[in-house]
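The values are calculated or read from the model by the stated rules, or taken from the named source; none is laboratory data. Nothing here was measured: the structure is a model prediction, and the numbers come from that model. With ideal geometry, Cβ positions are generated from the backbone for all residues, glycine too; neighbour counts draw on all protein chains shown. Note: accessible area is taken over every heavy atom of the protein model, side chains too, but ligands, DNA and RNA are not part of it. Shrake-Rupley method; radii C 1.70, N 1.55, O 1.52, S 1.80 Å.
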Amino acid sequence: MDGKGWERVRMARLGGSSASRGREAAQLRQVSSQTVRLGRVQPQAPSHRTIYCNDREANLLARFKVCGHIIYGVSIPRICWHLSYFFCKILIYLVALLLFQVNSVSTTKYNILTFLPKGLFEQFRRVANLYFLMISILSTTPISPVSPVTNVVPLSLVLLVSLIKEAFEDWKRFQNDIAINSTPVDVLQGENWETVSWRKLQVGDIIRTANLDGETNLKIRKALERTWDYVFPEKASEFKGEIQCEQPNNSLYTFTGNLIVENQTLPLSPNQILLRGCSLRNTVHIVGAVIFTGHETKVMMNSMSVPSKRSTLERKLDKLILTLFGGLFFMCLIGAIGSGVFINRKYYYLGLFEDVEQQFNPSNRFVVSILTMFTLITLYSTIIPISLYVSIEMIKFIQCAQFINKDLRMYHAETNTPALARTSNLNEELGQVEYIFSDKTGTLTRNLMEFFKCSIGGVSYGVGITEIERGQAQREGRALNEIQKSDTVVYEKGFNFDDDRIMRGAWRNERDPEIFKEFFRCLALCHTVLPEGDESPEKIVYQAASPDEAALVTAAKHFGFFFYRRTPTTVQLRESHVEKMGNIQDVSYEILNVLEFNSTRKRQSVVCRYPNGRLVLYCKGADNVIYERLAGTNQDIKRLTREHLEQFGSSGLRTLCLAYRDLTIDTYENWNEKFVQAKSSLRDREKKLDEVAEMIEKDLILIGSTAIEDKLQEGVPDCIDTLSRAGIKIWVLTGDKMETAINIAYACNLINNDMKQLIITSETDAIREAEEKGDPVEISRVIRDSVSHDLKRCLEEAQQDLHIFGQKLALVIDGKCLMYALDPSFRVDLLKLSLNCSSVVCCRVSPLQKAQVTSLVKKGARRITLSIGDGANDVSMIQAAHVGVGISGLEGMQAVMASDFAIAQFRFLKDLLLVHGRWSYIRLCKVITYFFYKNLTFTLTQFWFTFHTGFSGQRFYDDWFQSLYNVIFTALPVIILGLFDKDVSASLAKKYPQLYKEGIRNTYFKWAVVGVWAFFAFYQSLIFYYFTTTASENGHNSSGKIFGLWDVSTMAFTCVVITVNLRLLMACNSITRWHHLSISGSILAWFVFIFIYSGVMTPNDRQENVYFTIYVLMSTFYFYLTLLLVPIVALFGDFLYLGLQRWFFPYNYQIVQEIHRDEVDSISRTEFLEIGNHLTPDEARSYAIAQLPREKSKHTGFAFDSPGYESFFASQAGVYVPQKAWDVARRASVRSSKRTSQR
Amino acid sequence: MQNANGSTAGSSSASGEASAPLRNSKRPKYSRFTQQELPACKPILTPRWVISVFTLIGIIFVPIGLAALAASNKVVEIVYRYDDDCVPPNMVNMKVAYIQNDTIDKTCTKTLKVPKHMSQPIYVYYQLDNFYQNHRRYVKSRNDAQLRKASEANETSGCDPERTANGAPIVPCGLIAWSLFNDTYSFAIRNRNLTVNKKDISWKSDRDHKFGKDVYPRNFQNSTLRGGAKLNLTKPLSEQEDLIVWMRTAALPTFRKLYGRIEQDLVINDAITVQLQNNYNTYSFSGKKTLVLSTSSWIGGKNDFLGIAYLTVGGLCFFLAVAFTIVYLVKPRKLGDPSYLSWNRNPAGH
């Protein structure tokens, strides 16, 4: 290793301190040969790092020096795992240094060396396992009545199963890693591209790739002009440069760095960064330098933490286990006291001489009691169901992997997305959800914006009828005369408009064609859309910051103003309006300025010069903003347009106002000077730009307005209706305006006319007045008072309406009021009020408020909550809720990455909750209560025996019986139950959503239910013990011979195994052949075991207690008579209970079962096969749309808001705008406050 | 990176041709298992089923109960508790001293009357009460290896506190063997001795496999404290059937053990003279000793329990079947009546 690299590293780190540079470097040169030792490297965290492009050696050292800890801590074990190098440590270090495969990513939890210790450690973090470990240790001591095998065998089996599961999961992750790590990529080696596997990439490499897979947001990325030439290997190999960049972090939207080429420092922004896992569009390949590798990539740093949640049922289970511990203690205490009382020298045959061991020493009864306590704890350890946790885990795992992930009902053919359970421990939580918090855009609505209507020059156009209008009409019972759409109607993504008056050039015949031209030109010119692909109307693809914008440009295209090319200074349109039909003319408009959208402006303008020299400013924006800036003329159009805006708004359409202004050259020149000044100012640039824009965006002339339909997702109203019938309350948390939100709520059945609306809004006169004054203290006081007053009023009304009139309530609250209502002093009122409402709409809320509302209900009301959303702004809400559901299949992984379950459509919630959740819940409740029962029954038989053994803690059963009871003889059927039990079919579960309420009320895992099981466990154990022992007295066949202890216990155990397995069968609602197999298999397993076990003598030190017992037993009638009698008597109680319960107090599901008892499951195989195979025409259209290249990220809420855009245009203009910190929260909060208004 | 991987397929299929929507599909494959559509029978516990099951149990159980009870009733049993009777009147208050005094002759002669005709074989049992053969310290105080093989004579682990005596291992070791029951009975009828056959009173499996044919008692009952019976040092353990019977420890503190067989019919009102050697000390822990003479039937000795249990359960089932039938006829519940659904019963609330 030469010193050259070192020097450069040091240089880079020291930065500009040139004075000391030379000396330092010299020093370094001297020591470098010695200091390059592994042990001496100190982990350091400098504020930035330097990467040398195309210089492996230098980077190797840089990395080594700067990130020594990473090499040590993470990479080496991983390398040894991946490549299976099982050399000694030093060799591994050498290998690491030589090969330096730092881009390999490992998502595995273990490697071959750490698997056992780490895996075992994980296992023993569970209380049950730790408890059994302690019991196992205890059972090696003489105070134990049982041999260690009793507890060691089940414990090891349980551990084995858990470890196999862990290993399996880790293996899958490992396979995945390998697949990713071995993706081929071309690396520049010398002057050639060499294909190497992905994992061999290292920092600084120049790569050419066409296959960076992953995130599907289409983002514009552009290389710096300076580096545009380096595309060919000959050229690229010449490239030498340094990149100084930030340390690895997880912020996906920020990047700061500089590229230093030939002493020229070029700033790097996120625009130049390709994240790991991006796919390329519109280009075949790219050439780039690797900046972060492996686990340091932003994507990997993001994907590391999956929130871990525990289900409510499991927490309740902990309580049950705790109760069992209590019971155990109680039983042991009784036994311990008994033993102290019992022990006495008079039982001389027990050999209690003077020197007897402490446990049986009658002279010290207290010690006897204490020691017996421990004895009994070991003996009764079976009361804690050791295999419960592992069984539950297995059941849930299979439920997720096989049932949820593979459910065809939840497969979305259009986006080719099946459901995905990302965590396997929340299945049953899905069966108890009472509150759903839903995002609106992308979740309830499609975020598919279609140009639907417009108002031009005071006339409304567009014949379509929205879902909302249809719904309204339906509610009001009036008929809509739907106009049959003409056959030639054009369908395109983003355009769903038809009106013969203006389509196909007919607008030329309208009263004032000029205003139409302005309208269409405004649509075609005032935007930031980029055209892509072939420049023909059919093939062009618009890349827009938001679907709204694309829809508007698409609309212009259909009206004959086809925007086909954008250059840095011009926009070119192909206009087909001119004078005669069919005459097409390409016009190039010079775009002089772009006044971009931002949240305060709520509008966007362009200044453009017509070829004929006309200067026009086109502006589009929110209605109130535009209206403020209109010239005082033409009141008619203003009035009519406002009416139309209101109409559009109430139909649930999103509106924009369009306006223009002719500029004189002087005005423009004057203004432009200021604009250029502002644009190049270094401080407060944004503010200054806004101010300058204000100067020219005035005296506008209103052209008209557009109305875009935000389409509801398929099946949303039906799904919401079903869910609310299931007793689930749905809250919509949206950033929209109140009117929009209420409209959407109406459209999707969340609010209807039968409901009373309680509205808490900040849009009151008092608040507005205060806001105009602008005193923040005053504003907050006024809002606070108003919120407080509103809350009280609503609460009173709610109490009255709900309890006296039984009316359903809907609460609508806006973000500003919510901010105050979430204040601790009002929180209780808010909670009380909202819990009384069947639906709640929160509008204009920020992501943080979404999370706050969620946790208010989660913690305050202690109800199970579910959050569903699709965007980054829903992440906090998804994480805050008990269950987080992400909408997958479209763009954006953020919500999915944070979620516990990912589904493609909101309507699949119905299946996820009512079918999978409900089944999971019922199954797990059964599994848990059954485990509880079977172990209690078994242990209680022991307990009764203790009373007859002088409380000595003698075991009733053979060691192996006891140890295999849980893991062999009763293990499988309960898992089968947990997988296959089905009270009602999937279609019935959805047909009778009310059945879901049983889960919300936790009907199947209440203490009463546990109590019933406990009672029957008690009863059965008495039957087992007393029936078998009482019947065993005296001789049992004509030979007059007498049974011993082990004969009786074998008999009792046989009865227990049979009964417990049959009891399971009685608990089943549907019995498949798996049930038969597993139950008869378990019973058979017992018999096979006992035949073998009691039939052989083994040489090792085993007490031959049960030798031949089963054969002795089977030679008597006692065996057969008892075998028939005891299970039937034991189950008699349960049977009677079940019969009476069903007869006189039937559960709802039982009635449903009875109603449909003669029906075969309605869903047949063929129906299933059709899912995803045949598309309806509608689906086909959506599918075709989905096939088109994807649009911009849907995280972006408002039409013009995109982090990339500003900079893109700026850099086009040659101005570098530093990227702002644009984290998820801010981004999302911006979104919520930027909506088009409708007024 | 699972997700990144996942979206690869997604994006590649999305960019594929529209005519091939099913290629590269992530559509789950249909299987009855994953769609949870496995064929299943769905039993519904209707009143009719309840009634028929109860009837069926009744039909099966009552005859069995009757048969078992009849069999049990056929068994003739003479039960005679002798622990108190065999203590001389002058020592009633010092029973322990009496039993522990080796100098006193413990012979005790009593006469029993045969209540019914008893056909052979008549089993002779002794029954002990309040004797905890199942006490933990007692149960484990034996060594099976030693009992089985002569070569394991020194193997006395687990036999505490009766492992060794005078420095040598005891065969058979342990408390169980040490406390071997040592009362003896001999019977005479009309002054003619009744032979008590003590062969084949233990389970064959015990004799053949658990007690070795070449294992002889050694150093047994040689310690200062004598527990119970001595063994014949010349007979291998596999032939010491009293020991074998004794060492099959009882499940409960009250138990019977087979003493022998009288292979001769006893006629009603015969007077049997029993000569007891009342050696065994149950007095210190107030245990009872009982002598039992019993015939047997197919069901074994006298035990009404099974018969009564069967009859009771069968009877109960019949009763319930009848009761439910009446309820069913008087106030039938219509199966699958939607009005039973909770939301139909109380539409407003839950």
Taking region A:433-447 and keeping only residues that are more than 17 Å from residue A:905 (Cβ to Cβ) and open to solvent by 10 Å² or more (accessible area, probe 1.4 Å), one is left with A:434
Would you mind stating whether residue A:705 is modelled with pLDDT under 80, touching a strand residue (DSSP E or B) at 6+ places or on another chain (Cβ under 7 Å) and either assigned to a loop (DSSP other than H, G, I, E, B) or buried (at least 24 other Cβ atoms within 10 Å of the Cβ) (or both)? no
Worksheet entry | So residue B:214, is it facing chain A (nearest Cβ under 9 Å), assigned to a loop (DSSP other than H, G, I, E, B) and farther than 26 Å from residue A:350 by Cα | no
Across region A:1024-1049, the tally of residues that are open to solvent by 10 Å² or more (accessible area, probe 1.4 Å), in contact with a helix residue (DSSP H, G or I) (Cβ under 6 Å, 6 or more places away or on another chain) and not hydrophobic (A, V, I, L, M, F, W, C) stands at 2
Exactly one of A:989, A:1017, A:1052 is within 10 Å of chain B (Cβ to nearest Cβ) and touching a helix residue (DSSP H, G or I) at 6+ places or on another chain (Cβ under 6 Å), and that residue is A:1052
Practice item. Determine whether region A:762-785 contains at least one residue that is among the polar types (S, T, N, Q) and either touching a Pro at 6+ places or on another chain (Cβ under 7 Å) or not in a helix (DSSP H, G or I) (or both). Key: yes
Considering region A:790-831, residues that are within 22 Å of residue A:764 (Cβ to Cβ) and among the small types (Gly, Ala, Ser), and then whichever is most open to solvent (accessible area, probe 1.4 Å), we arrive at A:825
Among helices (runs of 4 or more DSSP H) entirely inside region A:1015-1100, those with 2 or more residues being not hydroxyl-bearing (Ser, Thr, Tyr) are A:1045-1067, A:1073-1093
Listed by first then second residue, the pairs whose first member lies in region B:86-111 and is part of a loop (DSSP other than H, G, I, E, B), whose partner is of a type in the set (A, V, I, L, M) and open to solvent by less than 50 Å² (accessible area, probe 1.4 Å), with beta carbons under 9 Å and at least 6 positions apart or on separate chains, are B:86/B:276; B:87/B:99; B:88/B:104; B:101/B:91; B:104/B:91; B:106/B:99; B:106/B:276
Of (1) surrounded by fewer than 22 Cβ atoms within 10 Å (Cβ to Cβ); (2) at pLDDT below 90; (3) part of a helix (DSSP H, G or I), residue A:1146 fails just (3)
Restricting region A:736-749 to residues that are open to solvent by 10 Å² or more (accessible area, probe 1.4 Å) and assigned to a loop (DSSP other than H, G, I, E, B), the one modelled with the highest pLDDT turns out to be A:749
Of the residues in region A:134-168, those that are part of a helix (DSSP H, G or I), open to solvent by 60 Å² or more (accessible area, probe 1.4 Å) and more than 19 Å from residue A:964 (Cβ to Cβ) come to A:134, A:137, A:168
For region A:181-192, pairs from a residue that is closer than 11 Å to residue A:236 by Cβ to a residue that is of a type in the set (Lys, Arg), with Cβ under 9 Å and 6 or more apart or across chains, are A:186/A:208; A:187/A:200; A:187/A:208; A:188/A:208
Only one of (1) at pLDDT below 85; (2) more than 30 Å from residue A:395 (Cβ to Cβ); (3) within 53 Å of the chain's Cα centre (by Cα) does not apply to residue B:48, and that is (1)
Of all strands (runs of 3 or more DSSP E) fully inside region A:798-916, the set with 2 or more residues that are closer than 30 Å to residue A:980 by Cβ and either touching a residue at least 60 places away in the same chain (Cβ under 8 Å) or aromatic (Phe, Trp, Tyr) (or both) is A:865-869, A:883-887, A:901-903
Taking region A:419-457 and keeping residues within 14 Å of chain B (Cβ to nearest Cβ) and in contact (Cβ under 8 Å) with a residue 40 or more places away in the chain leaves A:419, A:420, A:421, A:422, A:423, A:427, A:434
Inside region A:708-731, the number of residues satisfying the requirement of being away from chain B (no Cβ under 14 Å), of a type outside the set (Gly, Ala, Ser) and not in a strand (DSSP E or B) is 9
When region A:393-417 is checked residue by residue, the ones that are among the aliphatic types (A, V, I, L, M) and open to solvent by less than 10 Å² (accessible area, probe 1.4 Å) are A:395, A:404, A:408, A:410
Per the list (1) more than 30 Å from residue A:349 (Cβ to Cβ); (2) within 9 Å of chain B (Cβ to nearest Cβ), residue check on residue A:1033 breaks on (1)
Considering region A:361-412, residues that are assigned to a helix (DSSP H, G or I) and free of Cβ contacts under 8 Å to residues at least 24 places away in the same chain, and then whichever is nearest to the other protein chains (Cβ to nearest Cβ), we arrive at A:402
Across region B:39-52, the tally of residues that are farther than 26 Å from residue A:979 by Cα and more than 7 Å from chain A (Cβ to nearest Cβ) stands at 4
In region A:1060-1099, residues that are touching an Asp or Glu at 6+ places or on another chain (Cβ under 8 Å) and open to solvent by 30 Å² or more (accessible area, probe 1.4 Å) total 2
query: Got at least one residue in region B:325-348 being in contact with a Gly (Cβ under 7 Å, 6 or more places away or on another chain), over 30 Å from residue A:805 (Cα atoms), modelled with pLDDT of 90 or more and more than 9 Å from chain A (Cβ to nearest Cβ)?
result: no
